[in-house]
1. Which of the residues spanning segment A:117-145 are of a type in the set (Ser, Thr, Tyr), surrounded by 16 or more Cβ atoms within 10 Å (Cβ to Cβ) and not in a strand (DSSP E or B)?
2. Applying the selection to segment B:71-97, what residues are among the β-branched types (Val, Ile, Thr) and either surrounded by 16 or more Cβ atoms within 10 Å (Cβ to Cβ) or touching a Ser or Thr at 6+ places or on another chain (Cβ under 7 Å) (or both)?
3. Within segment A:108-116, does at least one residue satisfy the condition of being assigned to a strand (DSSP E or B) and more than 14 Å from every other protein chain (Cβ to nearest Cβ)?
4. Check A:GLY84 against each of (1) away from chain B (no Cβ under 12 Å); (2) modelled with pLDDT of 90 or more; (3) assigned to a loop (DSSP other than H, G, I, E, B) and name the one condition it does not meet.
5. Please work out if B:MET162 is surrounded by 20 or more Cβ atoms within 10 Å (Cβ to Cβ) and under 26 Å from the mean Cα position of the chain (by Cα).
6. Could you say which residue among B:LEU53, B:LEU6 is surrounded by 11 or more Cβ atoms within 10 Å (Cβ to Cβ) and away from chain A (no Cβ under 12 Å)?
7. Conditions: (1) closer than 27 Å to A:MET43 by Cβ; (2) touching a residue at least 12 places away in the same chain (Cβ under 8 Å). A:ALA107 meets all but one. Number of the miss?
8. Which residues, taken from segment B:165-187, are surrounded by 19 or more Cβ atoms within 10 Å (Cβ to Cβ) and either in contact with a strand residue (DSSP E or B) (Cβ under 6 Å, 6 or more places away or on another chain) or in contact (Cβ under 8 Å) with a residue 60 or more places away in the chain (or both)?
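The values are calculated or read from the model by the stated rules, or taken from the named source; none is laboratory data. Small disclaimer: the values here were computed from a predicted structure and weren't measured. For neighbour counting, all protein chains shown are included, and Cβ atoms are generated from backbone atoms with ideal geometry for every residue, glycine included.
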Amino acid sequence: MSTSEGQLVVMGATLQGFAQACVNLNIIAGRETSGALTEIDIMSFVPFERLREIERIVLMVYEDSGPILERVGFEMMMGWYRFGPGKHIVKTGADFLRFQTGSQGYASVVKGPESKVGIFRLQELDEKKGTALIHSTTPFEKNLERGVIIGGMTAPGDLDYVEVVNTQDPQWFNIEFH
Amino acid sequence: MTLDELFALSKVPTPIELSQEDLTRLYWKHRGLLKSQGRDQRFWDATNKNLRLAYERLDEKERQLGKAYSIIQEDLQVATRIQAALLPVPTSIMERDLEIAVYHKQLTEVGGDYYDFFTDESEAADGRNADGYAIGVFDISGHGVSAALVMTYLKAMFAQQMLRSTSPKDIVRSVNEAAFDFLRGIKKYATVNFVKFASKKIQYVCGGGFGLVVHGQEVFHFERKDPFLGLRDRAFRQYEIPFVTGDLLALYTDGMVESQDAEGQDYTARRLNDLIALHADRAVGEIVQCCVDDYRAFRATDIDDVTLLVMRRKEAL
């Protein structure tokens with residue numbers, strides 16, 4: 001890892017997936033595109049700030065950025081499943097939720113000081129009722145995270161219905177799936 | 001029939017019989033599609049809203065650009081008029097002594113080619129004192145407003161130096177000395193053709209310009225070995241050529257001679273010189289027109305400012 005101690009870092013592949021999703025959706029274009037995708041070593045951890053830079057572009061350009069970031073998160077996880085390691089890690093939508101137990105999924109792609117890195121943890125899961133609860137204190141934008149959950153659960157293709165709601169408290173994601 | 005079997009069909013079978021489990025799945029699939037459609041709708045609404053905003057911003061930028069362009073165009077029109085106003089008209093003494101014809105065309109609204117008639121009023125006041133006037137032809141590097149500004153600067157410098165010296169080489173050297181650091185600083189230079197008229201001869205300094213004299217049956221080409229203004233800080237050489245009644249003097253910049261035809265062939269100074277010499281017995285206006293016609297027929301497109309001055313000595317001084 002070539003980043004300095006105490007710095008928040010993200011897996012290069014995650015940044016690549018995020019940037020690629022933005023490019024595929026034509027959310028960022030032109031000069032910003034080449035800047036976002038250049039020199040990303042997908043096997044290394046890179047400063048989280050690089051992801052934040054792209055996120056800032058979206059927030060700056062779009063007046064209503066919520067649905068856009070949600071779609072970016074969704075596309076990012078579809079790419080993770082189709083072209084990345086996703087299909088080897090999760091076989092069903094519920095697997096994706098279980099992968100978040102103890103923040104293990106999140107911890108595999110983001111590292112840094114505890115105070116900055118936060119958690120992305122499965123708190124409850126009732127597969128029979130088709131409900132779950134995820135608590136997130138990460139520095140990621142919450143619309144993006146909602147899209148990540150929807151995309152991660154939808155990608156395996158076994159679920160007919162996925163709904164994620166965090167309107168009451170952005171850090172608590174209420175999930176319903178069937 | 002299961003729900004998956006039903007979805008695999010291309011037509012709706014009648015009657016449809018589904019288990020409770022499949023009906024439940026159908027229900028959730030329907031709800032799921034509605035959710036997905038809702039998310040798509042929100043995404044496209046946000047995208048369209050952004051597109052509308054982008055168009056509004058683009059319109060605003062276009063308005064601003066249009067305004068800025070209009071201001072620049074107005075400025076350029078004024079600059080064109082100023083530059084045209086700065087071009088000289090021959091003094092009464094020059095008109096008495098010389099037949100003069102000029103072709104001068106800038107590539108853009110304002111340009112870097114420039115010619116001037118200089119008169120030392122104190123000498124000219126003596127009546128027939130030919131040392132009282134000179135002609136300069138200059139080509140400032142580049143085009144546009146910056147070249148035009150250098151032109152006005154050089155015009156003032158030459159006018160000033162004409163008052164201090166009568167020798168062409170001293171005048172050109174003094175201007176070069178004074179302007180050298182300035183021209184180097186702004187990365188500009190200028191070719192110079194400075195001709196002073198004396199009794200039965202001309203004295204000239206030539207740094208990069210073009211000139212020839214048709215004296216009877218002889219043709220003298222200007223020596224072009226001296227540097228451009230602003231290129232070297234050193235002395236200039238001065239040459240003399242006989243110039244008596246009926247003799248022809250032509251001065252020009254590189255605009256014509258460096259033009260090319262559609263095949264990329266150069267027009268060349270030789271072609272222009274030969275043309276001038278061939279028609280030397282005609283009126284100066286006709287000679288200029290003949291050269292311009294030949295140039296226009298030859299060149300594929302104008303690539304530079306063009307200046308050509310042709311003059312004939314009317315009577316012995």
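1. Selection gives A:THR138 alone.
2. Filtering segment B:71-97 for residues among the β-branched types (Val, Ile, Thr) gives B:71-72, B:78, B:80, B:82, B:89, B:91, B:93.
Within segment B:71-97, B:THR80, B:THR91, B:ILE93 meet the criteria.
3. Step one: of segment A:108-116, the residues assigned to a strand (DSSP E or B) are A:110-111.
Narrowing the set further to residues that are more than 14 Å from every other protein chain (Cβ to nearest Cβ) leaves A:110-111.
Within segment A:108-116 (the criterion being assigned to a strand (DSSP E or B) and more than 14 Å from every other protein chain (Cβ to nearest Cβ)), the answer is yes, since at least one residue qualifies.
4. (2)
5. Numbers: surrounded by 20 or more Cβ atoms within 10 Å (Cβ to Cβ): yes; under 26 Å from the mean Cα position of the chain (by Cα): no.
Judged against the criteria, B:MET162 is not a match.
6. Values: B:LEU53 fails: away from chain A (no Cβ under 12 Å).
Just a single option satisfies the conditions, and that option is B:LEU6.
7. Result: A:ALA107 passes all but (2).
8. B:PRO168, B:LYS169, B:VAL172, B:ARG173, B:ASN176
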